[in-house]
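Trainee: Questions regarding the structure given below will be posed in turn.
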Amino acid sequence: MAYQTLIVEIEDNVALIRLNRPEALNALNSVLLGELADALKSADGNDKVRCVVITGSEKAFAAGADIKEMSSKTYVEMFGTNFFGTEPDSIGRTRKPIIAAVAGYALGGGCELAMMCDFIICADNAKFGQPEINLGIIAGIGGTQRLTRFVGKSKAMDMHLTGRFMDAAEAERSGLVSRVVPLAQLMPEAMAAAQKIAAKSQISVMAAKECVDRAYETTLNEGVLFERRLFHSMFATEDQKEGMAAFLEKREPQFRDK
Ligand code: CO8
């Protein structure tokens, strides 16, 4: 399907979704968020897709929600239409793994979108921030909650209250991103990571994703129990037999998602 604000390519079992509003540094407007939710839903339902990468341009992953679109809205319009309430939830419901490949600015809603992905690989020119405070507003799609879980209270408060940006080195040091690579290596690195994930058993990939996500939603004991139940359930799959047999026979496993 052709989108106005996205370019989607599927190659080697990876769906690459590129945010494409260069005139506005990929600012997230309602068309883009709607299209992104749609693209993720179709990737989730497409047997050829085993992992998703979301990226932007070299200058901007996304510079936030679209300020032009929001500037004249009233409270009644925002609340009444649940503005930006539905699409982010549908992004969060995607069961296949999603990697954010971030170069340049990931600000406001852009930083929040990156944090909604399963992990972030960034280029050395990346800049993360929650500068909504400079506009007389606050984060609206999870930034106060997710950034705090990623980097802790002190840094999250600093970012949200001062609106300062965090560079790639600080983002890696703080646990916001999993890896930093030179800009030219960003897409090769992200695609290689996605292809590595795509080669695993999708059953165990989705189970691992559910378990890690559960860590943010429950107590340690409940999370460990949840993990153990899913761990036991892996032994009902053919892929567990194949994975362990391949190890013992010193060969590469051939997973069949069964
Ligand atoms: N919305 C709309 N247009 C934008 C945005 C944006 N967030 N960011 C940049 N643009 C536009 C500029 O207006 C400009 O357009 P034009 O050429 O027509 O004037 C074009 O992109 C290029 O931008 P700049 O000329 O400003 O480029 P610079 O390199 O000088 O500066 C910056 C880059 C620092 C990124 C700067 O553009 C900037 O500060 N942008 C705004 C960042 C920001 O405040 N983001 C937070 C927005 S609010 C938000 O995200 C709320 C989240 C809650 C809901 C989330 C729902 C998704």
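The values are calculated or read from the model by the stated rules, or taken from the named source; none is laboratory data. No experiment lies behind these values; they were computed from the predicted model shown. Don't worry about glycine lacking a Cβ; one is built from the backbone with ideal geometry, like all the others, and counts go over all protein chains shown.
Trainee: When you scan segment 133-143, how many residues do you find that are under 20 Å from the mean Cα position of the chain (by Cα) and near the ligand (Cβ under 8 Å from one of its atoms)? Steps first, answer last, please.
Mentor: So the first thing to find is which residues in segment 133-143 are under 20 Å from the mean Cα position of the chain (by Cα), and the list is 139-143.
Pick out the ones that are also near the ligand (Cβ under 8 Å from one of its atoms) and you get 139-141, 143.
Count: 4.
Trainee: Tell me which residues, restricted to segment 7-30, are more than 11 Å from the ligand (Cβ to nearest atom), in a loop (DSSP other than H, G, I, E, B) and at pLDDT 95 or above. Can you show your working first?
Mentor: Step one: filter segment 7-30 for residues more than 11 Å from the ligand (Cβ to nearest atom), giving 7-20.
In the following step, the residues that additionally are in a loop (DSSP other than H, G, I, E, B) were identified as 12-13, 20.
13, 20, listed by residue number.
Trainee: I would also like to ask the following. Quick check on residue 106: is it within 12 Å of the ligand (Cβ to nearest atom) and part of a strand (DSSP E or B)?
Mentor: On the way: within 12 Å of the ligand (Cβ to nearest atom): yes; part of a strand (DSSP E or B): yes.
So residue 106 fits the description; yes.
Trainee: Test of understanding: among 218, 237, which residue is within 26 Å of residue 113 (Cα to Cα) and β-branched (Val, Ile, Thr)? Give the steps one after another, and end with the answer.
Mentor: Values: 237 fails: within 26 Å of residue 113 (Cα to Cα).
Step by step, each of 218, 237 is checked, and only 218 is within 26 Å of residue 113 (Cα to Cα) and β-branched (Val, Ile, Thr).
Trainee: Run down 111, 51 and say which single residue is closer than 21 Å to residue 210 by Cβ, surrounded by 23 or more Cβ atoms within 10 Å (Cβ to Cβ), under 13 Å from the mean Cα position of the chain (by Cα) and at pLDDT 95 or above. Lay out the reasoning, then the answer.
Mentor: Numbers: 111 fails: closer than 21 Å to residue 210 by Cβ.
Among 111, 51, only 51 is closer than 21 Å to residue 210 by Cβ, surrounded by 23 or more Cβ atoms within 10 Å (Cβ to Cβ), under 13 Å from the mean Cα position of the chain (by Cα) and at pLDDT 95 or above.
Trainee: Sticking with this one: Of the conditions (1) in contact with a strand residue (DSSP E or B) (Cβ under 8 Å, 6 or more places away or on another chain); (2) farther than 21 Å from residue 97 by Cα; (3) among the small types (Gly, Ala, Ser), residue 194 satisfies every one except a single condition; which number is it?
Mentor: Answer for residue 194: the failing condition is (2).
Trainee: I need every pair where a residue in segment 74-94 that is closer than 24 Å to residue 115 by Cα has its Cβ under 9 Å from the Cβ of a residue that is aromatic (Phe, Trp, Tyr) and part of a loop (DSSP other than H, G, I, E, B), sequence separation at least 6 or different chains.
Mentor: The qualifying pairs are 78/84.
Trainee: What number of residues within segment 134-173 are crowded, with 16+ Cβ neighbours inside 10 Å and not charged (D, E, K, R)?
Mentor: 18
Trainee: In this structure, is residue 41 away from the ligand (no atom under 13 Å from the Cβ), in a helix (DSSP H, G or I) and among the basic types (Lys, Arg)? It would help to see each step written out before you state the result.
Mentor: Numbers: away from the ligand (no atom under 13 Å from the Cβ): yes; in a helix (DSSP H, G or I): yes; among the basic types (Lys, Arg): yes.
Answer is yes for this residue.
Trainee: Next up: Regarding segment 138-159, can at least one residue be identified that is more than 30 Å from residue 74 (Cα to Cα) and of a type in the set (Phe, Trp, Tyr)?
Mentor: Restricting attention to segment 138-159, the residues satisfying the condition of being more than 30 Å from residue 74 (Cα to Cα) are 149-155.
This time we only want the ones that are of a type in the set (Phe, Trp, Tyr), so: 150.
Within segment 138-159, one or more residues are more than 30 Å from residue 74 (Cα to Cα) and of a type in the set (Phe, Trp, Tyr).
Trainee: Just checking, does segment 223-245 include any residue being outside any helix (DSSP H, G or I), charged (D, E, K, R) and either under 26 Å from the mean Cα position of the chain (by Cα) or at pLDDT 95 or above (or both)? First the steps, then the outcome.
Mentor: So the first thing to find is which residues in segment 223-245 are outside any helix (DSSP H, G or I), and the list is 237.
From the residues that got through so far, the ones that are charged (D, E, K, R) too are none.
Checking segment 223-245: not a single residue is outside any helix (DSSP H, G or I), charged (D, E, K, R) and either under 26 Å from the mean Cα position of the chain (by Cα) or at pLDDT 95 or above (or both).
Trainee: Any chance you could count how many residues in segment 78-98 are in a helix (DSSP H, G or I) and either within 14 Å of the ligand (Cβ to nearest atom) or under 11 Å from the mean Cα position of the chain (by Cα) (or both)? Give the steps one after another, and end with the answer.
Mentor: Taking segment 78-98 as the starting set, the residues that turn out to be in a helix (DSSP H, G or I) are 78-80, 87-92.
Pick out the ones that are also either within 14 Å of the ligand (Cβ to nearest atom) or under 11 Å from the mean Cα position of the chain (by Cα) (or both) and you get 78-79, 87-92.
Qualifying residue count, segment 78-98: 8.
Trainee: What pairs come up if the first residue lies in segment 1-12 and is among the basic types (Lys, Arg), the second is loosely packed, with under 13 Cβ neighbours inside 10 Å, and their beta carbons are under 9 Å apart, counting only those six or more places apart or on different chains?
Mentor: none
Trainee: I've got another one for you. Does residue 35 satisfy the condition of being away from the ligand (no atom under 11 Å from the Cβ), over 22 Å from residue 136 (Cβ atoms), outside any strand (DSSP E or B) and touching a residue at least 40 places away in the same chain (Cβ under 8 Å)? Write out each step before concluding.
Mentor: On the way: away from the ligand (no atom under 11 Å from the Cβ): yes; over 22 Å from residue 136 (Cβ atoms): yes; outside any strand (DSSP E or B): yes; touching a residue at least 40 places away in the same chain (Cβ under 8 Å): no.
Spelling it out, it is not the case that residue 35 is away from the ligand (no atom under 11 Å from the Cβ), over 22 Å from residue 136 (Cβ atoms), outside any strand (DSSP E or B) and touching a residue at least 40 places away in the same chain (Cβ under 8 Å).
Trainee: Scan segment 121-137 and report the pairs whose first residue is in the same structural domain as residue 150 (by the TED database) and whose second residue is within 9 Å of the ligand (Cβ to nearest atom) and aromatic (Phe, Trp, Tyr), with Cβ atoms within less than 9 Å and a gap of 6+ or a chain change.
Mentor: 126/105; 127/105; 127/165; 128/105; 128/165; 129/105; 129/165; 131/165
Trainee: Find all pairs meeting these conditions: Cβ atoms under 6 angstrom apart; at least six residues apart or on different chains; first residue within segment 238-253 and free of Cβ contacts under 8 Å to residues at least 60 places away in the same chain; second residue aromatic (Phe, Trp, Tyr) and not in a helix (DSSP H, G or I).
Mentor: 239/255
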